[in-house]
Each structure stands twice: as C-alpha cells, then as structure tokens.
Amino acid sequence: MRMPESEDALATLSGHYFQLFEDYLGNLLGTRDDGVPSRLWESMAYSLQAGGKRLRPILCLAAAERGGVGPQKALPLAAAIEFIHTASLIHDDMPCMDDDDLRRGKPTNHRAFGEALALIAGDALLLWAFSHALTHLPRAGVSFEKTSKAVAILAEASGPSGMCGGQVLDTDGESRRAGGDFAFSVASAKTGALIRASVVTGALLGDISDTDLRCYYDYGTHLGLAFQIVDDILDVTRTRDELGKTPHKDEAQGKNTFVSAYGLDEAQKLAAEASEEACRAIEELFPEGDLLIDLAKSLADRKS
C-alpha cells in the first residue's frame, strides 16, 4: 500500500518501516481463521487497511532497531499497537462518541457495516492485539519476560488511566473541566499514552539501560503531546478533503482543545515547543541526528 501524498514527509523518513509493516499486515489479513465470521473479519480489515500514517508501529519498529533488535522481530508488537489504535478510531467515530461519517477519506466503519458490527469489530481488534502479541512475540524469539512487560505497558496505555480514560475526559460532559491544563490531561491520556507506549515497548525488546529507556519515555511523552496539539490545530485550519475526516468537530461539540484554551497562535507555539522537547529527550542518545528526531520535527509540521 502506498502512503497518501499528504504523508509524503513521513513516508520519506520512514518508508522502510512503513512497507515492512504493510507487508506483515497484508499477510495477516490474507488468511481468515475458520472460527472468525466473515463479516466480522471484513469489518476489522476494512478499518485496518484504510490507510493512515502508521506512526505508532513505525515508532515501535524504529525504537526496537535502535535497541538492538531487528524490526522483523518486533512486527507482532507493532501490529498489536495498530490493532489498538484502529479499534479506538472505530469506537471514536460512532454516534455515541464523535458521530463522524468519514475517516481517512472513507465512510467510517459504522457507516459501512452498521453500529453493532462496528462496535464488535473494535472490541475484537482490542482483544486480538493482546493475543497476537503474546503468541507471536515469543515465536519471533522475544523472551517471555520482555513479552509480558511490553503487553502490560500496552494494556495500561489503553486502559482506564490511558486511552480509555482520555476518551472519557474528551467526550463526557460531566468529566470536562475548563482551563488549559485540562487540554494537557486529555492529550496525555487519549493520544500520548499509546504513542509513548509504542516507543517504550519497542525499545525495551532490546538490551537497553533504564537511563536510555527513560529517554525514550520522555521522547514519546512530548511527541504524543505535539501530535495532539497539531491535531487540534488542523481541526480548525484544514478542509474535509485535506483531513479525510470532518473538520471543526471539536468546536461543534464544545470540546476543550488547545486551540479553544490557548488560541491558534499559542497552540502553534506549544506544538513547536513539544516537538523540540521530544528532540531534546533523545539527542544525547543520537548526537549526530536520527530518524526519531526527524520524525518529531516533521510531525509538528504535518498538514493532515
């Protein structure tokens, strides 16, 4: 699968990892287990193959290689991360959440398959993520200790104190609070937790010191923040065709975003600062530069 033109900067920087992941995912989806209903499989594959940056699996594979592990060995973990992310998008688009009709330029899953099947497809992807990682990482040669630690980190990043908690803060009126600090809370949990986990779990597959792992942790934290701030900016500055989804949804739903809390100009400054902090977090590991540093810079400037 070719990466969309709007994501060419990311493709140029990480095309090798992108293609490696796409080939792995394509092979996975090429054969359906007899026990999986065909319509459920079709719904799951529909959203998994809808395109996208593949940022999280790319981060996982890149961090694994920098930790001394071949990216092929980390592919089951990268797939698990993308399953979780895709499940969150399916659920996020549903009428009970953001009620969106478009995702990555295509009808959202519940528009294509109905609400009931979309809900189950999201649940199935979440559960498949953990079973796939637990089964296939050891087969790839990852120790059980590192496998279980990586899966535990992913579960925490996806759960009540991570992505699920962030979704509640973002969508539940009684959980919302005023002020800019709240926008940071939402971003840290809803978006930042899984992005950080993508980097950290990839890195810990290798032989890496606690000090270096902390650098990856801080990098992922700031990168996730930058990504969400830019998302908030794009929601008010880009068109439906440019985004591949409906713009101005946050404002219409009265969400507390970085733009609503700080204004557009200040939000842009915050995004640049978060990107710079991400770069600084790992500069000591890569004093001569690295793909991960370039990724942080490119994502702060992304247009979709």
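Bear in mind these aren't lab numbers, they're just calculated from the coordinates by the rules spelled out. In this text the structure is predicted, and so the values were computed from the model without any measurement. As a convention, Cβ positions derive from the backbone with ideal geometry for all residues, glycine included, and neighbour counts pool all protein chains shown.
List every residue whose amide H lies under 5 Å from the amide H of residue 102, counting only residues 5 or more places away in sequence or on a different chain, with H placed 1.01 Å from N in the peptide plane.
Those lying under 5 Å, H to H, from residue 102 are 108, 246.
Students often get this wrong, so try it: which of (i) 19.4; (ii) 20.1; (iii) 20.6 is Kirkwood radius over Cα pairs in Å as calculated from the structure shown?
Label of the calculated value: (i).
For a footprinting-style exposure proxy, rank 136, 85 by other Cβ within 10 Å, fewest first.
Working: 136 17, 85 23.
Least to most surrounded, the residues fall as 136, 85.
In the chain, which helices (entire DSSP H runs) extend 20 Å or more along their own long axis, judged by Cα positions, while averaging at least 0.0 on the Kyte-Doolittle scale?
Membrane-span-like by this rule: 8-29, 71-92, 115-139, 144-158, 210-237.
Grab the beta carbon distance between residue 239 and residue 284, set R0 = 45 Å, and tell me the FRET efficiency rounded to 0.05.
Numbers: r = 41 Å, r/R0 = 0.90.
My answer for the efficiency is 0.65.
Give me 94, 44 sorted ascending by neighbouring Cβ count inside 10 Å, so fewest comes first.
Numbers: 94 18, 44 26.
The fewest-first ordering by Cβ neighbours comes to 94, 44.
Please name whichever of 152, 252, 134 sits farthest to the positive end of the charge dipole of the chain, dipole taken about the Cα centre and charges placed at Cβ: Lys and Arg +1, Asp and Glu -1.
Farthest towards the positive pole: 134.
Please rank 60, 215, fewest neighbouring Cβ atoms within 10 Å first, as an exposure proxy. Intermediate values should be presented prior to the final figure.
On the way: 60 32, 215 20.
The order, fewest Cβ neighbours first, is 215, 60.
For the stretch 5-300, compute the number of Lys pairs whose alpha carbons are separated by less than 19 Å, excluding pairs fewer than 8 positions apart on the same chain.
13
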